[in-house]
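The values are calculated or read from the model by the stated rules, or taken from the named source; none is laboratory data. Being a predicted model, the structure only gives us computed values, none of them experimental. Every residue, glycine among them, receives a Cβ derived from its backbone with ideal geometry; neighbour counts consider all protein chains shown.
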Amino acid sequence: MWIIARDCVGESCSPPQQQPVLRSTADAGRAWTRYDLGPISPAAVQFATHQRGWLYAWDGVRQVWQQLLTEDGGQSWIQIQ
């Protein structure tokens, strides 16, 4: 299962100090893995198989929306058009 969660940044956890992060679980939510996407802020994620998925995200550096693809279960992502 994959979700987009919000993590606190710094000491404050008010909404302006939260950032979206991508997380996954393979054990029904007992443990979660956080994926560091750098300046990319995930907005939507969908997987067709355990390995192949897509991510729609905001690139805070280039100030553009991006579509990303993974074919290794989220270990790496490549930009697609």
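Below, the figures for the structure above:
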quantity	calculated
Answer from Gln67, Gln46, Gln18 - the residue that is modelled with pLDDT of 95 or more, surrounded by 11 or more Cβ atoms within 10 Å (Cβ to Cβ) and not hydrophobic (A, V, I, L, M, F, W, C)	Gln67
Arg34, sole failed condition from (1) closer than 25 Å to Val9 by Cβ; (2) modelled with pLDDT of 95 or more; (3) surrounded by fewer than 12 Cβ atoms within 10 Å (Cβ to Cβ); (4) in contact with a strand residue (DSSP E or B) (Cβ under 6 Å, 6 or more places away or on another chain)	(2)
Filtered residues of segment 1-28 (kept if part of a strand (DSSP E or B), of a type in the set (A, V, I, L, M, F, W, C) and touching a Ser or Thr at 6+ places or on another chain (Cβ under 8 Å))	Trp2, Ile3
